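Below is one structure, written out as structure tokens; the observations come after it.
Bear in mind these aren't lab numbers, they're just calculated from the coordinates by the rules spelled out. Remember, it's a predicted structure, so these values are computed and weren't measured experimentally. Cβ coordinates were reconstructed from backbone atoms using ideal geometry, including for glycine residues, and neighbour counts include every protein chain displayed.
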Amino acid sequence: MNKPVLGIQGYTLREFCQNAEDFDNILGFLQELGVKTIQISAIGPIPADVQKKALDKHKIDVCVTHKPFDRMLGDLDALIEEHKIINCDAIGLGAPSDEYTGTFEKVKNFVEKANAVAKKLKKHGMTFNYHNHAFEFTVLENGQSMMDYLLENTDPECFHFIPDVAWIHFAGADPVEYLEKMRGRVKVLHFKDYILVDGERKFCTLGEGLVDLKACYEKAKELNIPYIMYEQDCDWVDNDAKKATKLSWEYMNSIAD
């Protein structure tokens, strides 16, 4: 049983990563916190070699990315080369477009295309990694949720998952149960938390919400999940993504044993 490496999902700090200088500065901020691994997501048009230079400067690794599905379908060779430059073997999808969700036929079409991408990535020693929201847990016309269909109709060797514990919980499912269902198919786990305000979901600093993150951490250890990344889309404390990152980073480390 290995302890997961803790890190930060760059989407949380995306406003600070839209050019090379800001990207370098935010890596410096993370290095000061003690962060050694990140996920790259929603950054600006920064060439891969420039990213690599900044990553090396701050001694930070990349465990996975989020990239548009259109690029995976139409520009996969270049995407693979970019990931090789930054030494990352996992290409992630943050969410598919409406073209691929909502009905069984759309989901089936997505799975066919994603499987083809994953198969090609496998030849390069890489994996496709799917990040969930809540909609994947809605039951489709075939009687299954999209999430369960993905689990049953994709290749475990190359189609992996980036389970987001807050979205799973918000969907009414049990994050620990789904981590078990994804056994052997998770390199990166997302820690996110939320509260309900007048029945509306609001994200919050880790440890202040409804998700049993300690139970999720223990399950991640049991399953030997290599990485846990903090992610918060919005609703940062004092509207300050850096402050939210610092507080959530401290919380993650407090429950890691």
- Task: Mind giving me the FRET efficiency for Glu177 and Asn153? R0 is 22 Å, r the Cβ-Cβ distance, nearest 0.05 is fine.
- Result: 0.65
- Euclidean distance of C-alpha centroids, the range 71-140 and the range 218-255, integer Å: 24
- Item | the chain: relative contact order in percent, alpha carbon pairs under 8 Å with at least 6 residues between | 21
